[in-house]
Amino acid sequence: MSYKALYRKYRPNTFEEVSGQEYIVKILKNALISNKIGHAYLFAGPRGTGKTTMAKLFAKALNCEEGIGHTCGHCKNCLAILEGNHPDVIEIDAASNNGVEEVRDLIDKVRYSTILGRYKVYIIDEVHMMTPGAFNALLKTLEEPPAHVIFILATTEPHKILPTILSRCQRFDFSKLSDKEIKQRLVYVLNNEHIEYEEQAIDLIISLCDGGMRDALSILDQVLAYSQNKLNSQDILNIFSLESVDEKVALLQDAANHDTSNVLNRIQKYQDKGSDIKRLTNDLLLMLKDALIYKKTGSTQYLELLNGDQVKKLANIYSINNLINSIDIVLNAIKDFKNVSSISPIFSIALLKICSLENNNITKDEIQIETKDQQMDKSRIRPPFIKSTPIDKTIDSKQQSNNENTQAETIKEKEKNETRKPKEIQPSIFDESFYQNVKIDSKLTRPIDAKIEENLYVLSKDLILNVMISATKDMKTKLIKDWDDLQKLSMHPQLGGKAALLYDAHLLVATKTIMLIEYDLTSKVDKINVQDAQMDLQKITQMVFKRKMFVYALSRNESVELQQKFINLKQIGKLPKPDTIEITMIGE
C-alpha cells in the first residue's frame, strides 16, 4: 500500500475529531438534528483550517445510512465519501473549472436525482477564482436548487466573491487554530505513530505553520522523512534554514559590542546556507522587544521568544535607549524589504547601524535587573555626575586643566537642569494616599459555573456568550475611561506586573461583576486565567475601577469565534434577552 501523507491519514472522520471551529461544528450539528438544512453554505477562512474537511463531514452526515447527523465511517456512503469516489458528492476545483461552460455543465447535471445518498452535495473549492460570468450563470441555481441538492462553497478570499452570491449562502468564517489546539493534535499524531519528539521541536513547527493544521502536519511529515522518525529541533532548523535562538542572541551581542567583523561573518554564513532572512529579522525584533520589556519590568512572565537566561544576556549589554533605537532600525528594515528585489543588503545595513550605536552598554543611572520583583536599590544607582578631584597637588598643568573643564561642564549641566524644574507631580494611583481609602475585599469571587483545569479558570462558551449578552455599553465606557490608570499602577511592588499585563489587553465587554479581555498571544491569556492571579486582578479592579470584577481573558481566535457566533445567533433571533440571564457569583 502506498504511503499516505499525515494530513490525509489524520483528517477528522467525525465532527468530534475536528480541532477548533467549535461554533461551526455546533451550528451544523444542530441544523442536522433539527432538520434545518440550508441549500447553500460558504466556508471562508485561511488555508489549512478545515474548510474542505468540514464540507466532507457535512456531506457524510447528510448521507450516512445510520441517519441524518451520523458519521458512522463504515457504511457504504461514508466509505465512498472518505475515499473520494461517491457519485453524489462532487468536488470541483474552481481554479481550473471557472468558466461559464463548466458552470452550465454543472447546472445540467444538478437536476438529476441521487444515486446512492439522500442528497447530492457540490463542494466547490477556491470558489473566488470563478469568473463574473460563471458566478452569474450559477446565481439562479444557487438561489433555488432542487430539494436534493446542497452547495458548499469554500474560499480563502471571500471578498472576491460577488455580493449576490454571498447573500444566497449561510456564511461560516473559519479562524486560525490556536497554538494549544495545534500542539494537542501534533502530540496525538506523534504518540499514535510512536515517534520520539522534543517539546521545542513542536513549538518550532507551530511557529512555522501560521495557525494551519494541514501546514503543521505537512511540516511534520517533511521533518520525519529527513530525521528518520525522530523529531528534534535541530533538524527543523536545518531543513527550513532557520537559526537557533542562542545564535540570534549571539548575533545581537556581537552587534552591541561593536564587533563588526564577527557580525559580517555571521551574516555571510546565513546567506551561504540560505537562511530565511525575513523570518530572522522578525525574530530579532521579537527578541529586542523581549529585552526591552525585561529591562522595564524586571519580569520574565511577558517574554515571547526568549527565556530568562537569554534575555539577561541582552539586558546586561543593551541600554534601554539602545534597545529602542535598535527596534526602530529593525522596523525600518522590515518596511524596506517590500521595496527592494534583494533584502540581504537591507538586513546587513540594519545590523551595521546597530553596531554603530554609541554607548551600547548600560548607562550609569540604569539599574541592573536581577529578579522578577526586585525593587530599585539605591545603593546600586551610580551618581549621575562624577566630579573629578585632583588626588595629588603635583599633577601636571594639562591634567589640572582637564579637571577644571570637567567641573565647569558639570556645573553648567546642573544649572541647566535646575532651570527646567519638573511640573508638580499629581497624585497617582501608585501613591498610597490615592487608594488607601479604597476598601480592598480579600475574598475571591468567581462565576459559579467557572471550572478549574490545570490551575486555569475555564469558562464555557455558553457562559461567555451570556456575559456578552448581559454586558452593557455604559460599563465598558466607564472602564475605558479609567483604563490608563492601570499604567500608573504598574510600578506597584506587588500588583505592578498584573496591572501592566491587564493594561496591554483589549477590553471586549463587561458586566458589573465580570470583565472579558482579549490578547493576541495565548501565553498572556494563560497568565490572566491562572487561578493564582485572580486575587491580584480583583484587587486591581477595586483600586482602579472602584469595583470588584472577575477578569477572564480570551485569545484572538476565541474572541473572533465567539463574536461571530453572537452575531449569527442574533441574526436568526436566537439570542436570549438580557433580563432572562442570571450569572451567579460565589465567594471563595
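For the reader, a short list of remarks on this structure follows.
- Distance cut-off 24 Å, percentage of C-alpha pairs in the range 108-261 lying past it: 58
- Tensor-based shape of the range 187-316 (alpha-carbon gyration tensor, a/c under 1.5 rounded, otherwise prolate or oblate): oblate
- Positive-end residue, the range 95-175 charge dipole about Cα centroid, Cβ charges, pick of Phe135, Ile150, Ser175: Ile150
- Accessible surface of Thr53 - all protein chains present, 1.4 Å probe, nearest 10 Å²: 20
- Sulfur and carbon atoms: percent of accessible area, the chain [1.4 Å]: 49
- For the range 240-251, putting each phi into the Karplus relation 6.51 cos²θ - 1.76 cosθ + 1.60 with θ = phi - 60° gives couplings of 9, 6, 9, 10, 5, 4, 4, 5, 5, 5, 4, 4 Hz, in residue order, rounded to whole numbers and with x for Gly and Pro.
- Filtered GluC sites (Glu not before Pro), the range 497-584: DSSP coil and at most 14 other beta carbons within 10 Å: Glu582
- In the assembled protein chains, Ile327 presents an accessible area of approximately 30 Å² (probe radius 1.4 Å).
- Computed over protein heavy atoms with a 1.4 angstrom probe, the accessible surface ordering of Met475, Met585, largest first, is Met585, Met475.
- Only protein heavy atoms count here; on that basis, with a 1.4 Å probe, Met129 has an accessible area of about 90 Å².
- Helix 199-209 vs. the chain, principal-axis angle (Cα, 0 to 90°, nearest 10): 70
- Three semi-axes of the equivalent ellipsoid, the range 205-269, Cα gyration tensor, whole Å, largest first: 31, 13, 9
- Vicinal HN-Hα couplings computed from phi for the range 270-280 (Karplus, 6.51 cos²θ - 1.76 cosθ + 1.60; Hz; Gly/Pro x): 4, 5, 5, 8, x, 4, 6, 5, 4, 5, 4
- Overall form of the range 58-180 per C-alpha gyration tensor (a/c, 1.5; a/b vs b/c): oblate
- If you sort Ile27, Ile464 by accessible surface, 1.4 Å probe, largest first, the order is Ile27, Ile464.
- Spatially close Lys pairs in the range 254-322, defined by Cα atoms under 16 Å apart and a spacing of eight or more places or different chains, total 7.
- The distance from the alpha carbon centre of the range 262-317 to that of the range 220-258 is 14 Å, rounded to a whole number.
- Amide H to amide H, with H built 1.01 Å from N, Ala40 comes under 5 Å of Phe151, Gln170, counting only residues 5 or more places away or on other chains.
- Annotation: amide H-H contacts under 5 Å for Leu116 (H modelled 1.01 Å from N, sequence separation of 5 or more, or interchain): Asp88.
- Taking chymotrypsin sites (Phe, Trp or Tyr not before Pro) in DSSP loop conformation with at most 16 other Cβ atoms inside 10 Å as exposed sites, the chain has its longest uninterrupted site-free stretch at 113-384.
- Rh by Kirkwood over Cα pairs, then Stokes-Einstein D for the range 159-226 at 1.002 mPa s and 20 °C, µm²/s: 155
- Hull shadow area, averaged, the chain [alpha-carbon convex hull, nm²]: 36.9
- For Thr281, Thr513, the ranking by accessible surface with the largest value first comes to Thr513, Thr281, using a 1.4 Å probe.
- Taking all protein chains into account, the per residue accessible area for the chain stands at 54 Å² (1.4 Å probe).
The values are calculated or read from the model by the stated rules, or taken from the named source; none is laboratory data. Every value quoted in this text rests on a predicted model; they were computed, and no experiment measured them. No Cβ is skipped: glycine too gets one built from the backbone with ideal geometry, and neighbour counts run over all protein chains shown. What goes into the accessible areas is simple: the full protein's heavy atoms, side chains included, and nothing from ligands, DNA or RNA. Shrake-Rupley method; radii C 1.70, N 1.55, O 1.52, S 1.80 Å.
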